[in-house]
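Student: Encoded as structure tokens, here's the structure I'll be asking about.
FYI, it's all coordinate maths here, none of it is from the lab. Because the structure is predicted, anything quoted here is derived from the model rather than measured. For neighbour counting, all protein chains shown are included, and Cβ atoms are generated from backbone atoms with ideal geometry for every residue, glycine included.
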Amino acid sequence: MRPVSTDNAPQPNGHYEQAIAHGGFLFVSTQLPNRPQHPPDDPGTIEGQALQVFRNIRAIVEAAGSRLDHITRITVYVSDVAHWPTVNEVYESFFGEAKPARGVIPTGKLHLGYDVAADCIAAIVDEK
């Protein structure tokens, strides 16, 4: 097992890694819409939160030697299912032709008052 870390995504604020690579797969920890190298701030819009979450995931996936179209499974957490149409628009635009298996879980407010978070599993295309 190999920990994966990048300064292009927020550093963990607890006892965990950004991701773990093992057996040709990458297991990415749940990402909030925090910006890398910034303290948590105003959550902003649902669109902005979703975009930052997906940017954080992309940074970690790429740091492991993979890419968005090798994500095999993604789980998106939303504070209210009413946000899903907006989050899905951002998701579709961000991921383009990539269509990993996906789960969407309504949760109530997330940590730090955020409304969107996500984690994923990806195949590693260039094991380091």
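Student: Build a GNM of the chain with springs between Cα atoms under 10 Å: which of Gly48, Gly24, Gly14 gets the top mean-square fluctuation?
Tutor: Greatest mean-square fluctuation among the candidates belongs to Gly14.
Student: So for the pair Arg73, His22, with labels modelled 7 Å out along Cα→Cβ, what separation do we get in nm?
Tutor: A separation of 1.3 nm, rounded to one decimal place.
Student: While we're on this one: Let me have the relative contact order for the chain, percent, based on Cα pairs under 8 Å that are six or more residues apart.
Tutor: Computed value for the chain: 33 percent relative contact order.
Student: Gaussian network model of the chain, Cα springs within a sub-10 Å range: biggest mean-square fluctuation belongs to which of His38, His83, His70?
Tutor: Of His38, His83, His70, the Gaussian network model singles out His38 as fluctuating most.
Student: Farthest toward the dipole's positive end in the range 2-123, which of Gly65, His38, Tyr91, given Cβ charges of +1 (Lys, Arg) and -1 (Asp, Glu) about the Cα centre?
Tutor: Farthest along the dipole direction, towards plus: Gly65.
Student: Relative contact order for the range 68-128 using alpha-carbon pairs under 8 Å, separation at least 6, rounded to a whole percent?
Tutor: 55 percent.
Student: Rounded to the nearest 5, what % of DSSP beta bridges with both residues in the range 1-122 are antiparallel?
Tutor: Taking every DSSP beta bridge with both residues in the range 1-122, the antiparallel ones total about 75 percent.
Student: In addition: Compute the long axis of helix 84-95 from its Cα atoms, compare it with the longest principal axis of the Cα atoms of the chain, and write down the angle in degrees, 0 to 90, nearest 10.
Tutor: Around 30 degrees separate the two axes.
Student: Same structure again: Work out the FRET efficiency for His15 and Glu89 from their Cβ-Cβ distance, taking R0 = 30 Å, and round it to the nearest 0.05.
Tutor: So, using R0 = 30 Å, E works out to roughly 0.30.
Student: What is the angle, in °, between the Cα long axis of helix 46-63 and the longest principal axis of the Cα atoms in the chain? Nearest 10 is fine, range 0 to 90.
Tutor: 10 degrees
Student: Among [x] 38, 34, 24; [y] 52, 25, 23; [z] 39, 32, 20, only one was calculated for this model; which label is it, if the read-out is Cα extents along the principal axes in Å?
Tutor: [z]
Student: What distance in nm lies between label points placed 7 Å from Cα along the C-beta direction at Asp7 and Ala82?
Tutor: Result for the modelled spin labels: 4.2 nm.
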